[in-house]
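Worksheet: one structure, shown below.
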Amino acid sequence: MSEEAKLREEICAIAKSMFDRGLTCGASGNISARLSDGTLLMTPTGSSMGFLDPARISHLDETMTHLSGDPPTKEIPLHAAFYETRTGTGAVVHLHSTHSVALSVLPDTDPDDVLPRLTPYSLMRLGRVKLLPFFLPGDAAMGDAVRGLAGKRAAVLLANHGPVVAGKDLWAAVYAMEELEETAKLALLTRGANPRLLQDAEVQALAAKFDLDV
């Protein structure tokens, strides 16, 4: 099986897994992943993550020009911004996952550090997650907002919309996205209960051990 065929299959299998577990629903969410030649595979616009066809995945060149397959997601500006600003990005995942979206609309969510420091794993996989303002779906300004972060954040949360995560490859992006949603769920479950957060010394120890920018 060629590299491209394998990646097409992986995108569809991962997307279905997330759909089946309720991390995305309907025709929401999108995934892109880079091939070794610099071109990209991207889920098509209006498609359900639970019912993707590997042969119909969109294929784009390095400039996001559509080469083949179905028309790509309208969220191209989001994906393009991460590939442009974060060296080594191999995949981008965007979902409308319930708990992350819920966190994005609460007035006391910290816009510079969305996730409370409940576990080491969110810091290890995500670092600090930035809350971005609301944009209309597909608005090129979303990409500009990501570019404005100058590659300093691997994950953002779009207000009233959902999370976007970049990773070194498809699996890394997916694992980080799932960590974001699980941490958002924990944040909502423990809200108002005065949970024990990781202390500054513990966060610094994590940062030193795993070379984190937190």
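The values are calculated or read from the model by the stated rules, or taken from the named source; none is laboratory data. All values derive from a computational prediction rather than experimental measurement. Here the Cβ is made from the backbone with ideal geometry for all residues, glycine too, and neighbour counts use every protein chain on show. When the accessible area is computed, the model is the full protein with side chains, heavy atoms only, and any ligands, DNA or RNA have been set aside. Shrake-Rupley method; radii C 1.70, N 1.55, O 1.52, S 1.80 Å.
For the stretch 124-142, a residue qualifies if it is touching a helix residue (DSSP H, G or I) at 6+ places or on another chain (Cβ under 8 Å), under 16 Å from Ala166 (Cβ atoms) and assigned to a strand (DSSP E or B), and exactly one does: Leu132.
Consider the stretch 161-214 and keep the residues that are open to solvent by 50 Å² or more (accessible area, probe 1.4 Å) and among the acidic types (Asp, Glu). The one that is nearest to Leu106 (Cα to Cα) is Glu182.
Within the stretch 152-160, one or more residues are among the hydrophobic types (A, V, I, L, M, F, W, C), open to solvent by less than 30 Å² (accessible area, probe 1.4 Å) and closer than 17 Å to Lys185 by Cβ.
Anything in the stretch 97-117 that is surrounded by 18 or more Cβ atoms within 10 Å (Cβ to Cβ) and not in a loop (DSSP other than H, G, I, E, B)? List them, or say none. Don't jump to the end; show me each part of the working.
Within the stretch 97-117, the first condition is being surrounded by 18 or more Cβ atoms within 10 Å (Cβ to Cβ), and the residues that meet it are 97, 99-101, 103-104, 109, 114-117.
Within the stretch 97-117, His99, Ser100, Val101, Leu103, Ser104 meet the criteria.
Taking the criterion of being touching a residue at least 12 places away in the same chain (Cβ under 8 Å) and more than 13 Å from the chain's Cα centre (by Cα), the residues of the stretch 142-163 that qualify are Met142, Gly143, Asp144, Ala145, Arg147, Leu149, Ala150, Gly151, Lys152, Ala159, Asn160. Pairs only if they're at least six apart or on different chains, beta carbon under 8 angstrom, first in the stretch 46-75 and touching a residue at least 60 places away in the same chain (Cβ under 8 Å), second open to solvent by 40 Å² or more (accessible area, probe 1.4 Å); list them, first residue then second. Within 8 Å, the pairs are Lys74/Thr45; Lys74/Pro137; Glu75/Pro137. Restricting the stretch 66-90 to residues that are part of a loop (DSSP other than H, G, I, E, B) and either open to solvent by 70 Å² or more (accessible area, probe 1.4 Å) or of a type in the set (Gly, Ala, Ser) (or both), the residue that is nearest to Cys25 (Cα to Cα) is Lys74.
Just need a number here: residues in the stretch 1-57 that are among the aliphatic types (A, V, I, L, M), in a helix (DSSP H, G or I) and open to solvent by 60 Å² or more (accessible area, probe 1.4 Å). I'd like the intermediate steps shown before the answer.
Filtering the stretch 1-57 down to residues among the aliphatic types (A, V, I, L, M) leaves 1, 5, 7, 11, 13-15, 18, 23, 27, 31, 33, 35, 40-42, 49, 52, 55, 57.
Subsequent filtering for residues that are in a helix (DSSP H, G or I) retains 5, 7, 11, 13-15, 18, 55.
Then drop every residue that is not open to solvent by 60 Å² or more (accessible area, probe 1.4 Å), which leaves 13, 55.
Going through the stretch 1-57 one residue at a time, the tally reaches 2.
Has the stretch 164-186 got at least one residue that is over 17 Å from the mean Cα position of the chain (by Cα) and either farther than 19 Å from Thr119 by Cβ or in a helix (DSSP H, G or I) (or both)? Even if it seems obvious, please write down each step before you answer.
Going through the stretch 164-186, the residues over 17 Å from the mean Cα position of the chain (by Cα) turn out to be 186.
With either farther than 19 Å from Thr119 by Cβ or in a helix (DSSP H, G or I) (or both) added as a condition, the list becomes 186.
Yes, the stretch 164-186 contains a residue that is over 17 Å from the mean Cα position of the chain (by Cα) and either farther than 19 Å from Thr119 by Cβ or in a helix (DSSP H, G or I) (or both).
Counting only residues that are open to solvent by less than 40 Å² (accessible area, probe 1.4 Å), of a type outside the set (Gly, Ala, Ser) and touching a strand residue (DSSP E or B) at 6+ places or on another chain (Cβ under 6 Å), the stretch 118-148 holds 4 of them.
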